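Working notes for the structure below.
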Amino acid sequence: MIIRIATEIDIPLISELAEKTWWPSYSSIISDEQISFMLEDMYSPGSLQKQMNSGIDFLIAERENIGIGFAAYSLIDAENQVFKLHKLYILPSEQGLGTGKKLIEHVADSAKLKGGKTLELNVNRGNPAQHFYKKTGFEIYQTLDINYHHFVLNDYVMRKEL
C-alpha cells in the first residue's frame, strides 16, 4: 500500500470513494436524506475543488494502483498549531488492514513537520469509528451539536497531541 498526495486529477476518485464509504459507514447512524445531502455538499467535484483551493491537503491510499481510501487535513489554529483531520475514509473491504492507521500516522507526521502540536477531528457520537480513533491515541476533547444546513451533527471533537 502507498499513500500519496492527491491532486485535482483525483477529484473523481475521491468522490467515488466517498460514495462507496459513506453509505455503509453512516446508514445506521443518520438518515439517507442526510447522507445524500452531505455527499453532494462535501464531495461534489466543485466542493472538493474549493476545499483543495482553501488549503486542505488530500491524501490517497492505494493498493496495486487502486484507490482504497483517502484523508484530508489542514491547519485550523495557527496560534496553537492545531491541525484538523477533516476526512478519513477507507473502503469497507479494506478496513481492519491498517490503512486508516497509516493514513493517520502520515497526517500526524506531516502536521508535525509543519510545526503542528495537536491533531483534531470530529466524529459522530454514534459512529463506532470513535473506538478506532481512541486506539490511535485520540481522546474526547469536546461534545458538540453542530447546525449543518437543516441537519444537526452530533459530534465528539477528539484530539491527539503530536
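Overview of results
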read-out	value
Rounded Å value of the spacing that divides the Cα centres of the range 131-151 and the range 6-73	18
The chain: C-alpha gyration tensor shape, a/c 1.5 cut-off, then a/b vs b/c	rounded
Gyration tensor (alpha-carbon) shape descriptor, the range 79-161, a/c threshold 1.5	oblate
Unit charges on C-beta of K, R, D, E only; dipole of the chain, Debye	580
Fluctuation leader among TYR73, TYR141, TYR43 - the chain, Gaussian network, Cα springs under 10 angstrom	TYR141
Fully extended contour minus Cα-Cα distance, from GLU16 to GLN142, at 0.36 nm per residue	42.3 nm
Top positive-direction residue, dipole computed over the chain with Cβ charges, set LEU162, SER15, LEU144	LEU162
Label-to-label distance, nm, for residues given as TRP23 and THR7 (7 Å Cα→Cβ offset)	3.1
DSSP bridge pairs, the range 2-161: antiparallel proportion in percent, nearest 5	90
Loop sites in the range 1-82: GluC sites (Glu not before Pro), DSSP, at most 10 other Cβ within 10 Å	GLU64, GLU79
Gaussian network model of the chain, Cα within-10 Å springs - most flexible of ALA18, ALA72, ALA129	ALA129
3J(HN,Hα) from dihedral phi, the range 136-142, Karplus parametrisation 6.51/-1.76/1.60, rounded to Hz, x for glycine, proline	9, x, 7, 10, 5, 9, 7
GNM result for the chain, Cα springs below 10 Å: residue of GLN49, GLN130, GLN142 fluctuating most strongly	GLN142
Per-residue Cβ neighbour rank within 10 angstrom, fewest leading, ASP155, ASP145	ASP145, ASP155
Residue-averaged 222 nm ellipticity for the chain, from DSSP H runs of 4+ at -39500 (n - 2.57), nearest 500	-11500 deg cm²/dmol
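Only the coordinates and a few stated rules stand behind these numbers; no lab work does. These numbers were taken from a predicted model, which means no experiment stands behind them. All Cβ positions, glycine included, derive from the backbone under ideal geometry; neighbour counts span all protein chains shown.
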